[in-house]
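Worksheet for the structure shown next.
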Amino acid sequence: MTTDASCKVDRVIETYGLTSADPVFDSIDEGLLSRWTGAGERSAVGYRSLTEWFNKRLLKTVYDDHGRDTLGATVDSDYEVLQSDDELVVAELAESLRADGIDADDLRGALVSWGTMRTHLQDCLDGQKEPQTATTDWEVESVRKAIGVTESKVESALSALAQKERLAGGGTADIEVQVQLGCDACPTRVPFDVALERGYVCETHHAQPLSRDAR
C-alpha cells in the first residue's frame, strides 16, 4: 500500500486523522480494502456503499473532535443534508455546524466521490477483487467500462490543460463521471448505479422494482 499526496482519500485520512472503526484493522485503509474485497467472512461491499461509509466516518470523527452529538441517526441525517441540492436545508445545517465550530463548506469539500474511492482502492492500495462467479452481467459491465474510459480521457485532457497553464489544479482534480438516467414522464434523474440497485428509474412512473433474481 502506498500513500499518494494527489489522492483525495489519502489527504482526507491524513488531514482529519481518520482511524479504523474496527480494532481488527491497524488502519482505515486496511478496513476499506477488507470491506471492498470481502476478505474473511465479510460480504464484499461496492464502491458507493464504501464511499458512504467512509464519508460518514469522516463526519463522526469531525463531530467527535468538536463535541457535536453523534447519537441516533444524527450523522446519517446530516450526511443526507450535506449531499442535498436544497440550499435552504444546507444553510440551516451549516448554521448549526458553525455553532459547534465546524465549517460546513470545508466538510462538504472533504467528502469523497465513489470514483475517487475506486481509484484509491485500485491504484493507491493495489486492491484486486475476485470476479463474481455469477453469470457475467455484460450490460452493466459495458456501462461501467464506458464510464472508466471517459474518466481516463478526461483525466488526460485535464493534465494536458494544466501543463499548458490553462487550468490550475487540473492535473490533480477529483474526477467523477456519472451516467444519469432521466424519467420520460417527469424531471426525476438518478445515477445509473442507484437505479440499477433499486430496480427502477422513477418510482412514480415505472414498474415495481425488479427482484434481484431478475436483474
State all residues of the range 125-177 that are of a type in the set (S, T, N, Q), at pLDDT 80 or above and within 21 Å of the chain's Cα centre (by Cα); if no residue qualifies, say none.
Gln128, Ser142, Thr150
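Is there a residue being basic (Lys, Arg), more than 20 Å from Leu50 (Cβ to Cβ) and assigned by TED's automatic domain parsing to the domain that holds Leu59 anywhere in the range 118-134?
Of the residues in the range 118-134, the ones basic (Lys, Arg) are 118, 129.
The next check asks that each one be more than 20 Å from Leu50 (Cβ to Cβ); those that pass are none.
Within the range 118-134, not a single residue is basic (Lys, Arg), more than 20 Å from Leu50 (Cβ to Cβ) and assigned by TED's automatic domain parsing to the domain that holds Leu59.
Do we find that Tyr79 is of a type in the set (Ser, Thr, Tyr) and within 16 Å of the chain's Cα centre (by Cα) in this structure? Reasoning before the result, please.
Values: of a type in the set (Ser, Thr, Tyr): yes; within 16 Å of the chain's Cα centre (by Cα): yes.
When the stated conditions are applied, Tyr79 passes them.
Does the range 27-39 include one or more residues that are farther than 26 Å from Arg144 by Cβ and either aliphatic (A, V, I, L, M) or surrounded by fewer than 11 Cβ atoms within 10 Å (Cβ to Cβ) (or both)? Quick ask: steps written out before the conclusion?
Here is the first cut: in the range 27-39, the residues farther than 26 Å from Arg144 by Cβ are 27.
The next check asks that each one be either aliphatic (A, V, I, L, M) or surrounded by fewer than 11 Cβ atoms within 10 Å (Cβ to Cβ) (or both); those that pass are none.
Within the range 27-39 (the criterion being farther than 26 Å from Arg144 by Cβ and either aliphatic (A, V, I, L, M) or surrounded by fewer than 11 Cβ atoms within 10 Å (Cβ to Cβ) (or both)), the answer is no, since none of the residues qualifies.
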Residues of the range 17-58 satisfying the condition of being touching a Lys or Arg at 6+ places or on another chain (Cβ under 8 Å), without any contact (Cβ under 8 Å) to a residue 12 or more places away in the chain and of a type in the set (Ser, Thr, Tyr)
Ser34
Considering only residues that are touching a residue at least 24 places away in the same chain (Cβ under 8 Å) and surrounded by 17 or more Cβ atoms within 10 Å (Cβ to Cβ), look in the range 62-79 and name the one that is nearest to Asp29 (Cα to Cα).
Val62
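The values are calculated or read from the model by the stated rules, or taken from the named source; none is laboratory data. The model shown is predicted, which means the values in this text are computed figures rather than measured ones. For neighbour counting, all protein chains shown are included, and Cβ atoms are generated from backbone atoms with ideal geometry for every residue, glycine included.
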